[in-house]
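S.K.: What follows is a structure written as structure tokens; I'll ask about it next.
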Amino acid sequence: MRLTFLFILFTCLTFGQEKPIVFYNESGKKISKQDFIKTKDYSKNLDLYFENDTTQIGLLVTRKKFGQLDKTTFENLKTYLTELTDKTIDSTQYIVVNYLTAYPKKEENRKSRSGWNVLHKNYTKKLHKIANINQFWIHSSECDNLEYNYQKRINWIEDKHNFFKKVFFPYEVRYGNYILIKPDGKFYYYLGEHSKYEIWENAEKYFK
């Protein structure tokens, strides 16, 4: 079934009347509208909305995930990052990826520059004090908002083969995601809006 992204709404549900709506939890289990509303918790999940030709879909997606990349996928990830950035990754390095999603689009911005503190200069300075980190700035191939996100100062690299989208981020959420990856391929990611303080805190815990 081909799903087309419509919008993300965090405060209420607003749908047209032409198509029926079905709701699913984080496990992909169909649930009632009441359970969907009751379960929705911005600190734990995001509510995403889609539609196809006949149906509207409300889906809850878990914001935090721990996982383990298999050996082949992990090697492909490191090779892909090296090809994109010309930065070699050795076997002892931890990897941090700041991933800029497609939303909000350029037309939605009212300011000329983002106030997001992850883009502050001291973000990477402190990050590199936490561990032997190789840090990357990657953006969705659908992102048209790089100037807003300090393109001239930050070397945003396009996820041109959608590797990160396929492996980690099949759904486009707002404001970007980040990934912490250990040298053994274990990873932690966080979806959606976040601050530099959250990345510092989680990197210090996860990279011990």
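S.K.: Can you check how the C-alpha radius of gyration of the chain compares to 2.2 N^0.38 Å, as a plain ratio? Mind showing how you got there, number by number?
M.R.: Values: Rg = 18.0 Å, N = 208, 2.2 N^0.38 = 16.7 Å.
Relative to the rule-of-thumb radius for its length, the chain sits at 1.07.
S.K.: For every other residue with a beta carbon closer than 14 angstrom to the beta carbon of residue 95, add +1 if it is Lys or Arg and -1 if Asp or Glu, then tell me the sum.
M.R.: Working: positive: 78, 87, 182, 186; negative: 75, 90, 184.
Result for the neighbourhood of residue 95: +1.
S.K.: Relative contact order for region 64-206: what is it in percent, counting Cα pairs under 8 Å that are at least 6 residues apart?
M.R.: On the way: 210 pairs, mean separation 52.4, N = 143.
That works out to 37 percent.
S.K.: Right, next: For 128, 139, what ranking results if the residue with the fewest other Cβ atoms within 10 Å of its Cβ goes first? Show your work: numbers first, answer last.
M.R.: Working: 128 13, 139 24.
Arranged by neighbour count, lowest to highest, 128, 139 become 128, 139.
S.K.: Straight-line reach only, C-alpha to C-alpha below 17 angstrom: list the aspartates and glutamates that residue 166 could link to, leaving out same-chain residues fewer than 8 apart.
M.R.: Correct list for residue 166: 70, 75, 142, 158.
S.K.: Using a ≥ b ≥ c from the Cα gyration tensor of region 83-173 (square roots of the eigenvalues), is it rounded, prolate or oblate, where a/c under 1.5 gives rounded and otherwise the larger of a/b and b/c decides, a/b for prolate?
M.R.: On the way: a/c = 2.12, a/b = 1.30, b/c = 1.63.
Note, shape of region 83-173 comes out oblate.
Values in this text are rule-based calculations from the coordinates and carry no lab data. Keep in mind the model is a prediction, meaning the values are calculated, not measured. Heads up, the Cβs are rebuilt from the backbone with ideal geometry, glycines too, and the neighbour counts pull from every protein chain shown.
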